[in-house]
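Where a number appears in this text, it was derived from the coordinates with a stated rule and is not lab data. For clarity, every value in this text was computed on a predicted model and none was experimentally measured. Because the Cβ atoms are built from the backbone with ideal geometry, glycine has one as well, and the counts that use them run over all protein chains shown.
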């Protein structure tokens, strides 16, 4: 007899959501959640930076959602968590190739667009989408599923192509560089699976265009806390932190999870747990760090099979850095090009490694505390690697209580100096910037995360790969869910979709009709 009915490895949002859903059925199974770090949440990380009052709380992980994302939106409502408009939707500055750019398509674009190409980046992007998929923005979710599966482009399925390879058929290279630079994030527009990337872009564009972007009032950490608290009320459910699974094997009908010290919870054997079924709610890199070879009769062949399935997604390097100042100086400063200027909220975009900067982006604190938070860099791919390298030659100390100290507080020196230099350049600020009270950052590229989010690679039939990943080892009671293998990668919505589809398909869970419309498409 196994120690637990269902073991869930990973205390991020997909793992906690799966455990909570399982706890809501009559006579719930015995469920245990095992999280390797000291804190829950995974790539949700709402943290306080150490500053004098007023408090400064920031999102180092997921930070927003869209109303069209009905799973997370309705779940927040169902759990009684208030929402508010995301304060970073107004574009205040765009600094590209050394120029303050008029994003409305003005004459000062530092890009040599081809004759007839529009100067508006949104129009250029729509031209790519409609060129590859006619009426791309007018297709329903169900129609897009068919497109991702079977649409053709130049004699091959669209899913075999990378986004950039398709884009070059419809815009010049300079226009494509302009789109990438002005978007503030590179990953979806570079090597992502074209069919899936286009579907995701068309899904989020309408909400962003209408400034319909939201966040939980107290940050996404409040969602993790709400799920944790509800699990605490279930006598058959347990959450165990600082429990790192290092390998999994079979023993009869049970799956054996082996732990790295400190060992498993006191009510089971010291260094392993047996379970009838196991859900690995983990990103790609975290799964790669667990030895699954003993699950297979032929360990080498089995391990290679699983690794090949995991390799269908890429972990995207991502870096977030937040600064708290004594006062929000950006509300009133002097620009060398504009004179006296300023704003209380919004964001700026640049091709400097900063990439995206958000003003007044504190969360769940007093208004005065929120106002003085600057998300000084939200960067991915090459820009993220720049900050990773900068952090390695800068003084820093772990911020305790967040992912086992992986969240770092930067000291004075290289990193802080470089941030201030780039901020001055981006905003064309006249004179030095004030010294910060606190600088915190998170490099999501580090183990066990392996990236801030994930993308399906080109040449992957996503509509087949997603259901295949739910039970990647044929015949074994081992299941996988999470943002990495989802229909909506890079968003909490994808993590929840993946978990909900897994529960319905393999655990016979009923649709949560109490709070989720039954016509909502959870993907393949």
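Arranged by the count of other C-beta atoms within 10 angstrom, fewest first, what order do 5, 351, 253 take?
253, 5, 351
Show me, bin by bin at 5 Å from 0, the whole-percent P(r) of the range 423-524 based on Cα pairs.
2, 10, 15, 17, 14, 10, 7, 6, 5, 6, 4, 2, 0, 0
Arranged by the count of other C-beta atoms within 10 angstrom, fewest first, what order do 58, 147 take?
147, 58
On a 0 to 90° scale, report how tilted helix 492-506 is relative to the longest principal axis of the chain, with both axes built from alpha carbons and the result rounded to the nearest 10.
Around 20 degrees separate the two axes.
Compute the separation of the alpha-carbon centres of the range 106-156 and the range 42-76 and state it in Å as a whole number.
So the separation of the two Cα centres works out to 32 Å.
Working from Cα positions, state the angle (0 to 90°, nearest 10) between the long axis of helix 173-183 and the longest principal axis of the chain.
Value to nearest ten degrees: 70.
Taking every pair of distinct Cα atoms and averaging 1/r, then inverting, what Kirkwood hydrodynamic radius in Å comes out for the range 304-455?
On the way: mean 1/r = 0.0607 Å⁻¹.
This gives a value of 16.5 Å.
What is the ratio of the Cα radius of gyration of the range 476-524 to 2.2 N^0.38 Å, where N is its residue count, to two decimals?
Normalised by 2.2 N^0.38 Å, the Cα Rg of the range 476-524 equals 1.13.
Quick one: of the DSSP bridges fully inside the chain, what percent are antiparallel, nearest 5? Let's see the in-between values first.
Details: 56 of 78 bridges.
Of all bridge pairs located within the chain, approximately 70 percent are antiparallel.
Hey, what does the equivalent ellipsoid look like for the range 108-209, semi-axes from the Cα gyration tensor as sqrt of 5 times each eigenvalue, largest first, whole Å?
In descending order the semi-axes read 22, 15, 12 Å.
What nm value, rounded to one decimal, do you get for the distance between residue 344 and residue 414 when each label is placed 7 Å out toward the C-beta?
3.9
Per residue of the chain, what 222 nm ellipticity follows from adding -39500 (n - 2.57) for every DSSP H run with n ≥ 4, rounded to the nearest 500?
Dividing the helical sum by the residues of the chain leaves -9000 deg cm²/dmol.
Compute the whole-percent fraction of alpha carbon pairs in the chain spaced more than 47 Å apart.
Working: 14110 of 137026 pairs.
Beyond 47 Å sits 10 percent of the P(r) for the chain.
So how do 323, 8 line up by other beta-carbon neighbours within 10 Å, fewest first?
Ranking 323, 8 by Cβ neighbours within 10 Å, fewest first, gives 323, 8.
Starting from one equal scatterer on each C-alpha and no solvent at all, send me the Debye-based log10 I(q)/I(0) for the range 167-288 at q = 0.19 Å⁻¹, two decimals.
Relative scattering, expressed as log10 I(q)/I(0), comes to -1.12.
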